[in-house]
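Here is the structure we will look at.
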Amino acid sequence: MVRASALAVFDLDGTLVDSAEVFADVINDMLAERCCGGARVTSEAARQAVSLGGRGMLASLLREHGRDPDADLDEFRARYVAIPTPPSSLYPGVSEGLAELAAMGVRMAICSNKPQRLCEKVVLDLGLDGRFASVVGSTPDLPAKPDPALFEKALALAGAQPSKRCLVGDEITDQLLARAVGAPFIHAAYGYGARAADFRDEAHASAFSAVPSLVAHALGLVR
């Protein structure tokens, strides 16, 4: 029988990690090889395009220098996996906040639409692998969020009872997923997603430092 456990499930990009600088670096490398006009994108432009998804982000930022969408995405991911994730990618307070949650006895998992190998790479690069009971990214055999499949896989691998879990994320897809599985949702308002005003009736974290307390309340660890 699976032991009852409080589990906080986190999105990755826009919730734990700001990958916009790395995304911009990869895209600028692609641009440098494709054109000679000095076209470049900023990390802020990449940050604003993240919510479009991989293909959408590349189409938006490569513009006329884009080629085949699938080939562009394959090239982007191949370059991305070869670049170390800088420690500065972690949002402020994440290391301390995860340690605080662990001290409360909260188990943690990651559920992301980022490809599985890239999720694992980022978590390993940042030395966070010991913090998570499971790290689940997208795979060809499972539908992406907000379909519950990735969330259910994260729960199964973490060995958590479904009555004791919450979801922390920055995007509408995370909110829809939380509703689909009946989990309390905490909006990472500092991330890439819509404004806090667009997440009515949800708990909002303006910085990661607010997340541990909100998770504790969502999981019924404090009254």
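Is it true that Glu96 is part of a helix (DSSP H, G or I) and either touching a residue at least 40 places away in the same chain (Cβ under 8 Å) or of a type in the set (Lys, Arg) (or both)?
Details: part of a helix (DSSP H, G or I): yes; either touching a residue at least 40 places away in the same chain (Cβ under 8 Å) or of a type in the set (Lys, Arg) (or both): yes.
So Glu96 fits the description; yes.
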*asked:* Here is a list: Leu58, Leu52. Which entry is surrounded by fewer than 21 Cβ atoms within 10 Å (Cβ to Cβ) and under 22 Å from Lys145 (Cβ atoms)?
replied: Leu52
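Can you tell me how many residues within the stretch 133-173 are of a type in the set (Lys, Arg) and in a loop (DSSP other than H, G, I, E, B)? Break it down stepwise before answering.
Taking the stretch 133-173 and keeping what is of a type in the set (Lys, Arg), we get 145, 153, 164-165.
Remaining after also requiring in a loop (DSSP other than H, G, I, E, B): 145, 164.
Qualifying residue count, the stretch 133-173: 2.
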*Just for the stretch 105-147: of the residues that are surrounded by fewer than 17 Cβ atoms within 10 Å (Cβ to Cβ) and touching a helix residue (DSSP H, G or I) at 6+ places or on another chain (Cβ under 6 Å), which one is nearest to Thr85 (Cα to Cα)?*
Asp129
_Quick test of your reading of the structure: Asp201 fulfils all but one of (1) charged (D, E, K, R); (2) in a helix (DSSP H, G or I); (3) more than 22 Å from Ser134 (Cβ to Cβ). Name the failing condition by number._
(2)
*Where a residue in the stretch 173-187 is under 17 Å from Val50 (Cβ atoms) and assigned by TED's automatic domain parsing to the domain that holds Asp13 and its partner, wherever it lies, is part of a strand (DSSP E or B) and modelled with pLDDT under 95, with Cβ under 6 Å and at least six apart*: His187/His204
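The values are calculated or read from the model by the stated rules, or taken from the named source; none is laboratory data. If you're wondering where the values come from, they're calculated on a predicted model, not measured in any experiment. Using ideal geometry, Cβ is built from the backbone for each residue, glycine included, and neighbour counts are taken over all protein chains shown.
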